[in-house]
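What follows is a single structure, written as structure tokens, with notes after it.
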Amino acid sequence: MFDLTFILLMLLNLFINLALFVLAMVYFFVEARDVTRASRGRVLLVSFLIFAASVANALVMRYAIVFPKVGDYDLNSSYNLVINIISALITFFTSILYLRAGQGLSKKGGLPGSFFLDIERNSCLQKIDWKLVLLPTPVLVFWSFTWFALIPPEPTELALASSPEWNSWIVYVYTFFSASILAPVTEEILYRHFAMGLLARWFGSSKPAVVINIGITSLIFAMAHAGVVTEDWIKIVQILPAGFLFGWVNYKKGVEHAILSHSVYNTLVIPISSLIEHFFMR
């Protein structure tokens, strides 16, 4: 049977992502292209690194790791490899848009933006506030464990098909690389750097506007994680606090801090997720 809720969420996510892409193009050409011209070299470097990492990730999935075939999902197929490489190429161009448009919008909206891209202030070596980076992790780990203990989730076919069949050093490297590096970088660039910059440009930087901004982007971020468990609302409720905390970190110190905070959380939540799966999904 078709899961109507999942289909509606996927359509809504598709619409939101298309809208963000169109808005990024508009604001890039209207405002950000000129004000971020000095940082285009760094933007190209970051975008190329994301592209190279995505291609490497796709090749590892195809040739180095065995995934189970579950339903219509076969992550080891050549078809999936082609789709992932095409997605990596698209991500290269969208990263350029989101980085430059997000930087211009963040500055006009009163947000820190990216200190790596802030050429004028020459702040690429800004000191990292590790207390701020680490603060969300224990809260989110405790929340995830508690929430899934209260309402045990059931993984979808996609989630099962995404779990490697055996443990080895390459599986651990792949999991760390994809969950702790690639996902935090791409997600924070889109949902915090660009989307929050966009809403800051629209609503301003007053305290009520910041709360609305973080709330909207957190909900969009949470909905983007649909499809992992059979009851999508369970995953959305679990992820929503992460969006709030990463948004707050971005508001305080910028996207690099949000990326690091997201990465630390994902790194620690992997063993927590294994415990959850062991105790509550069997």
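The values are calculated or read from the model by the stated rules, or taken from the named source; none is laboratory data. Note that this is a predicted model, so its numbers are computed, not measured. When we count neighbours, we look across all protein chains shown, and the Cβ atoms used for this are built from the backbone with ideal geometry, even at glycine.
Side notes on the structure shown:
- Residues in segment 95-136 that are of a type in the set (Val, Ile, Thr), surrounded by fewer than 21 Cβ atoms within 10 Å (Cβ to Cβ) and at pLDDT 95 or above: Ile96 alone.
- Residues in segment 150-179 that are surrounded by fewer than 12 Cβ atoms within 10 Å (Cβ to Cβ) and at pLDDT below 90: Glu165, Trp166, Asn167, Trp169.
- When we screen Leu45, Leu105, Leu140, Leu132 for residues that are assigned to a helix (DSSP H, G or I), under 17 Å from the mean Cα position of the chain (by Cα), closer than 20 Å to Ile259 by Cα and hydrophobic (A, V, I, L, M, F, W, C), the only hit is Leu140.
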